[in-house]
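Colleague: Dropping the structure in here first, questions after.
The values are calculated or read from the model by the stated rules, or taken from the named source; none is laboratory data. None of these values were measured; they are calculated from a predicted model. Heads up, the Cβs are rebuilt from the backbone with ideal geometry, glycines too, and the neighbour counts pull from every protein chain shown.
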């Protein structure tokens, strides 16, 4: 049995960077992933414990030392489903210093509106699926092995593979796109700032994305299901105004690279302040100001501005 105190993680190994790849099959409601985690071993140990839940572990490797000059060693994986922990066991005590963990895994898109889940909607009478993340508070571990407690901040380099014709967005700017011979495409995103795992986010689906509006040096966009672009202008205007206002109020530049507001058909909360990739219940983001009531307009503006305020307190600074 894994030896840890309750459900909390030990502090003998600390992550600093995740290189995460997720390949999503929306038709089968499954995903296959790999994550390469750079860690610092701060106390000698023979095992490394992180969070993991509802995932099948396919392979694990460990490299001790610098990434380009480390020593590979075998590790065995032990899951504790009740405490949502993954223990990697080495055959010798690991010295203090850098190490790299690589885990290959697979899972299923769930219907519980947390973790990595499927959101269904209709376009011209056709049933469509959008794959969405919701990691606050303890649900990043449902999508990839990680140190899923807010104090363990790290940077994230994310790449997402899906079927051609679909679009993927995440926390940071897209920096590259590769089209594969099998009819799939991989989106690659820039590294994020150091942040808690619950703020990691991505969305995959048949998305339409608005032309960006610039607020200071930040580009703001709205992403949504097809056919509702006319309802995005209010959110764009409101978000751009909020970014400029909060930059002036805090006297601190917006901490992300860009700001995407994502309208999600099935969403358990009003919205979620994922850095640069804020997800919203669709009805709280998309509206026609010429037909919406004053209370509906005020509610949408309040939620949008609330989430953007969190880019500073909550994202840049953890509450």
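Colleague: How do the strands (runs of 3 or more DSSP E) wholly within the range 63-160 filter down when requiring 3 or more residues that are within 20 Å of residue 28 (Cβ to Cβ) and touching a residue at least 24 places away in the same chain (Cβ under 8 Å): which remain? Walk me through it before giving the result.
Modeller: Numbers: elements: 71-73, 75-80, 85-94, 97-108, 115-123, 126-134.
Once the strands (runs of 3 or more DSSP E) in the range 63-160 are filtered for at least 3 residues that are within 20 Å of residue 28 (Cβ to Cβ) and touching a residue at least 24 places away in the same chain (Cβ under 8 Å), what remains is 97-108, 115-123, 126-134.
Colleague: Let me ask something additional. Can you confirm whether residue 20 is in the same structural domain as residue 135 (by TED's automatic domain parsing), within 20 Å of the chain's Cα centre (by Cα) and part of a strand (DSSP E or B)? Show your work before the answer.
Modeller: On the way: in the same structural domain as residue 135 (by TED's automatic domain parsing): yes; within 20 Å of the chain's Cα centre (by Cα): yes; part of a strand (DSSP E or B): yes.
Spelling it out, residue 20 is indeed in the same structural domain as residue 135 (by TED's automatic domain parsing), within 20 Å of the chain's Cα centre (by Cα) and part of a strand (DSSP E or B).
Colleague: Can we say residue 71 is outside the structural domain of residue 227 (by TED's automatic domain parsing) and under 19 Å from the mean Cα position of the chain (by Cα)?
Modeller: Details: outside the structural domain of residue 227 (by TED's automatic domain parsing): yes; under 19 Å from the mean Cα position of the chain (by Cα): no.
Taking the combined requirement at face value, the residue does not satisfy it.
Colleague: Tally the residues that are crowded, with 22+ Cβ neighbours inside 10 Å and over 12 Å from residue 171 (Cβ atoms), restricting the search to the range 199-211. Explain how you work it out, then say what you get.
Modeller: Let us first name the residues in the range 199-211 that are crowded, with 22+ Cβ neighbours inside 10 Å, namely 199-205.
Adding the requirement that they be over 12 Å from residue 171 (Cβ atoms) leaves 204-205.
Total satisfying the criteria: 2.
Colleague: Of the residues 11, 54, 7, only one is part of a loop (DSSP other than H, G, I, E, B) and at positive phi; which? Break it down into steps so the answer makes sense when it comes.
Modeller: Working: 11 fails: at positive phi; 7 fails: at positive phi.
Matching residue, one of 11, 54, 7: 54.
Colleague: Among the numbered conditions (1) outside the structural domain of residue 259 (by TED's automatic domain parsing); (2) closer than 20 Å to residue 272 by Cβ; (3) touching a strand residue (DSSP E or B) at 6+ places or on another chain (Cβ under 7 Å), tell me where residue 235 comes up short.
Modeller: With (1) outside the structural domain of residue 259 (by TED's automatic domain parsing); (2) closer than 20 Å to residue 272 by Cβ; (3) touching a strand residue (DSSP E or B) at 6+ places or on another chain (Cβ under 7 Å) applied to residue 235, the lone miss is (1).
Colleague: I'd like the residue in the range 169-185 that is free of Cβ contacts under 8 Å to residues at least 40 places away in the same chain and not in a loop (DSSP other than H, G, I, E, B) and, out of all such residues, is surrounded by the most Cβ atoms within 10 Å (Cβ to Cβ). Can you show your working first?
Modeller: Initially, the range 169-185 is screened for residues free of Cβ contacts under 8 Å to residues at least 40 places away in the same chain, giving 174-183, 185.
Checking which are not in a loop (DSSP other than H, G, I, E, B) leaves us with 174-179, 185.
Details: 174: 15, 175: 13, 176: 10, 177: 11, 178: 11, 179: 10, 185: 18.
Of everything passing the filter in the range 169-185, 185 is surrounded by the most Cβ atoms within 10 Å (Cβ to Cβ).
Colleague: I would also like to ask the following. State yes or no: is residue 261 buried (at least 16 other Cβ atoms within 10 Å of the Cβ), touching a strand residue (DSSP E or B) at 6+ places or on another chain (Cβ under 6 Å) and not in a loop (DSSP other than H, G, I, E, B)? If you could, list the steps in order and put the result at the bottom.
Modeller: Details: buried (at least 16 other Cβ atoms within 10 Å of the Cβ): yes; touching a strand residue (DSSP E or B) at 6+ places or on another chain (Cβ under 6 Å): yes; not in a loop (DSSP other than H, G, I, E, B): yes.
Yes, satisfied.
Colleague: Anything in the range 267-283 that is part of a strand (DSSP E or B) and crowded, with 20+ Cβ neighbours inside 10 Å? List them, or say none. Before the answer, list the steps.
Modeller: Here is the first cut: in the range 267-283, the ones part of a strand (DSSP E or B) are 271-272, 277-281.
Once the filter is applied, which keeps residues that are part of a strand (DSSP E or B) and crowded, with 20+ Cβ neighbours inside 10 Å, the range 267-283 yields 271, 272, 277, 278, 279, 280.
Colleague: May I ask you to verify whether residue 40 is under 30 Å from residue 204 (Cα atoms), over 16 Å from the mean Cα position of the chain (by Cα) and assigned to a strand (DSSP E or B)?
Modeller: On the way: under 30 Å from residue 204 (Cα atoms): no; over 16 Å from the mean Cα position of the chain (by Cα): yes; assigned to a strand (DSSP E or B): yes.
So residue 40 fails the test.
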